[in-house]
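Reviewing the structure listed below.
Any read-out appearing in this document is the output of simple, stated calculations on the displayed coordinates, not a laboratory observation. Model, not experiment: these values are computed from the prediction. Ideal geometry is used to build each Cβ from the backbone, glycine not excepted, and the neighbour counts take in all protein chains shown.
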Amino acid sequence: MSHTIHEDTASTKPAPKASTSPKKLFIKTYGCQMNVYDSERISEILAPIGYEAIDTPKDADLVILNTCHIREKAAEKVYSELGRIRKLKTAKNEAGGKMTVAVAGCVAQAEGEEILRRAPVVDLVLGPQTYHKLPEMIAKLSRSRGENLATEFDTKEKFDALPAARKPKGYAAFLTIQEGCDKFCTFCVVPYTRGAEFSRPVDQIIAEARSLAAAGVREITLIGQNVNAYHGAAPRSAPPGGPATWGLGQLIRHVAKIGGVERLRFTTSHPRDMDDDLIEALGQESKLMPYLHLPLQAGSDRILKAMNRGHTYEQYRDLIGRIRKARPDLALSSDFIVGFPGESELDFERTMAAVREIGYGSAFSFKYSVRPGTPGGAMHGQVDEAVKTERLARLQKLLVAQQEDFNKSLIGRTLPILVEGTGKGAGELFGRSPYLQGTHFTGPQSAIGQIVDVTITDAGRNSLSGVLSGGP
Ligand code: SAH
Ligand code: SF4
Ligand code: F3S
């Protein structure tokens with residue numbers, strides 16, 4: 001993507017002189033898809049005030065770390081990165097230059113002012129619901145010592161302030177439709193870092209989706225912490241007497257009507273919010289990809305209860321049965337946590353049994369990590385690190401075997417691949433299958449940005465390879 005600089009917009013802002021060369025912006029993104037989306041939006045709103053994205057912090061005028069607080073290690077990485085940035089900032093200062101350092105995202109929200117104290121290299125701290133204020137905060141910072149901390153929770157204000165027009169980088173894009181969480185699973189920081197559940201109005205989402213389609217995007221993934229809890233204001237054009245808010249199934253059918261958008265996905269869903277209308281949409285809407293991320297976390301009802309997930313394993317299994325009936329070609333993925341407080345060997349075995357029974361196309365799995373302020377941290381029966389390590393290894397062995405089996409089961413099938421760009425070898429192309437595996441094959445450059453049929457000839461743990469259908 002090229003970041004065009006709109007001189008007319010820039011001239012209305014107090015920031016740069018139009019004659020100066022573009023300022024260099026480096027953003028490093030940690031964590032989930034929500035942060036990937038936020039980083040893209042941050043770079044889009046900084047373009048009109050003269051910032052151009054580069055891919056190294058060296059020489060950058062503005063460095064933004066868009067951070068994740070989900071597990072302890074994720075948060076620690078930020079401070080070690082800040083140590084490296086400090087050296088670059090000092091070097092730049094000594095050479096007569098200036099570097100502004102901002103910490104955004106979930107660590108910023110969770111730690112707030114503490115970051116400014118612990119890492120004096122940081123100039124600005126802003127949470128996930130305040131990044132629309134960044135241009136204003138940067139301008140104030142350059143004039144005097146303005147506000148350097150923004151951690152309010154006004155998700156509506158943020159989305160109202162962001163422009164509908166998007167400048168996507170490729171042919172597949174994320175679109176945040178819902179943010180925040182009211183579920184309070186006892187292990188999780190998200191309700192504290194992202195705030196309460198908020199759904200964007202349907203009209204706002206459609207405008208953004210149209211802008212993505214107009215910019216050449218063929219695949220949109222609708223994202224949210226609890227994407228299927230979506231309940232946004234119905235469009236102004238909806239017939240009177242209809243419901244005031246729409247659910248995800250209804251939204252998907254509407255987005256699917258946008259010309260140019262060939263594929264839709266949504267993530268992350270919560271088992272409790274998987275309603276009949278959404279299951280029906282999964283069965284009927286051909287643009288929806290046959291791949292669903294539906295985290296189970298654990299197979300033991302005792303642990304699910306302690307986690308406050310709000311469902312039993314049997315309810316999850318029945319739900320999967322209904323979803324698979326509606327969409328037989330569906331593959332599943334999940335997140336798992338091992339070593340939650342109180343997890344016995346028997347509890348863990350239930351997770352293993354659940355994985356064997358359900359069968360996943362792919363999955364993420366983690367050792368439980370105590371997070372400050374969450375109920376899980378204060379629970380009795382914290383599990384030994386060595387036990388967690390051993391359980392995680394067993395679980396991952398099973399999950400990897402399932403993933404390899406699933407990928408191999410696709411050999412001989414012809415799959416539609418969205419071609420995202422060139423591969424490493426000469427004439428090689430790279431794209432994504434309906435199940436999100438990276439897929440390598442040989443083909444013409446003109447296929448980039450298209451969906452082409454590829455017959456799968458080989459499969460590894462993480463990727464597929466094949467030949468263009470009808471090709472050599
Ligand atoms: N909203 C999603 C998950 C968001 S966080 C859901 O409800 O499923 C992504 C994943 O990180 C979670 O599914 C969980 O498996 C993992 N996770 C969250 N907090 C964690 C913690 N304290 N320790 C280990 N893993 C955690
Ligand atoms: Fe975290 Fe649970 Fe909310 Fe997911 S549903 S974001 S795991 S609190
Ligand atoms: Fe991390 Fe925040 Fe996402 S804690 S997982 S970046 S919502």
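Please compute the net charge surrounding LYS23, taking Lys and Arg as +1 and Asp and Glu as -1 over other residues with Cβ under 9 Å from its Cβ.
Values: positive: LYS24; negative: GLU52, ASP61.
It works out to a net charge of -1.
Determine how many Å³ per residue the convex hull of the Cα atoms of the range 369-470 encloses. Please report the intermediate quantities before stating the final value.
Values: hull volume 15.2 nm³, N = 102.
Considering the Cα atoms of the range 369-470, their hull volume per residue is 149 Å³.
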Normalised per residue, the volume inside the convex hull of the alpha-carbon atoms of the range 157-409 in Å³ amounts to 142
In whole percent, what relative contact order does the range 344-405 give with Cα contacts below 8 Å and a gap of six or more residues? 53
Suppose a student asked you for the relative contact order of the chain, using Cα pairs under 8 Å spaced at least 6 residues apart; what percent would you report? 9
Given H placed 1.01 Å from N in the peptide plane, which residues other than close sequence neighbours of GLY232 have an amide H under 5 Å from its amide H? TRP246
Above 41 angstrom, tally the Cα pairs of the chain and express them as a % of all pairs, no decimals. 21
Amide H contacts under 5 Å for THR422, placed H, 5+ residues apart: PHE430
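Using the Kirkwood formula over every pair of different C-alpha atoms, what hydrodynamic radius in Å results for the range 40-157?
Details: mean 1/r = 0.0686 Å⁻¹.
It works out to 14.6 Å.
May I ask for the net charge around ALA234, where only other residues with Cβ less than 15 Å from the Cβ of ALA234 are counted and Lys, Arg are +1 while Asp, Glu are -1? Walk me through the numbers on the way to the answer.
Details: positive: ARG200, ARG236, ARG253; negative: ASP203, ASP277.
Net of charged neighbours comes to +1.
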With only helices counted (DSSP H, runs n ≥ 4, each -39500 (n - 2.57)), the per-residue ellipticity at 222 nm for the chain, to the nearest 500, works out to -10500 deg cm²/dmol
What list of ³J(HN,Hα) couplings, whole Hz, do you get for the range 254-270 from phi and the Karplus terms 6.51, -1.76, 1.60, once you set θ to phi - 60° and write x for glycine and proline? 6, 5, 5, 7, 6, x, x, 7, 9, 9, 10, 9, 8, 6, 9, 8, 9
The summed charge of the HIS69 Cβ neighbourhood (under 13 Å; Lys/Arg +1, Asp/Glu -1) stands at +1
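Under the 0.36 nm per residue contour assumption, what length would be gained going from the current alpha-carbon distance of ILE411 and HIS380 to full extension?
Values: separation 31, 0.36 × 31 = 11.16 nm, distance 4.77 nm.
Stretched out fully, the ILE411 to HIS380 stretch lengthens by 6.4 nm.
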Taking a threshold of 21 Å on the Cα-Cα distance, which of the pairs LYS92/LYS133; LYS24/LYS58; LYS92/LYS167; LYS133/LYS183; LYS28/LYS397; LYS167/LYS287 fall above it? LYS92/LYS133; LYS92/LYS167; LYS133/LYS183; LYS28/LYS397; LYS167/LYS287
Can you give me the C-alpha center-to-center distance between the range 372-425 and the range 101-131, rounded to a whole angstrom? 31
With a/c under 1.5 counting as rounded, go ahead and sort the range 22-86 into rounded, prolate or oblate using the C-alpha gyration tensor (a ≥ b ≥ c being the square roots of the eigenvalues; past the cut-off, prolate if a/b is larger than b/c, else oblate). oblate
Can you list the HN-Hα couplings for the range 220-234, worked out from phi with the Karplus curve (6.51, -1.76, 1.60; θ = phi - 60°), rounded to whole Hz and with x for Gly and Pro? 10, 9, 7, 10, x, 4, 9, 4, 8, 7, 3, 8, x, 4, 4
Under Karplus coefficients 6.51, -1.76 and 1.60, residue-wise ³J(HN,Hα) of the range 368-375 in Hz, glycine/proline x: 4, 10, 5, 10, x, x, 9, x
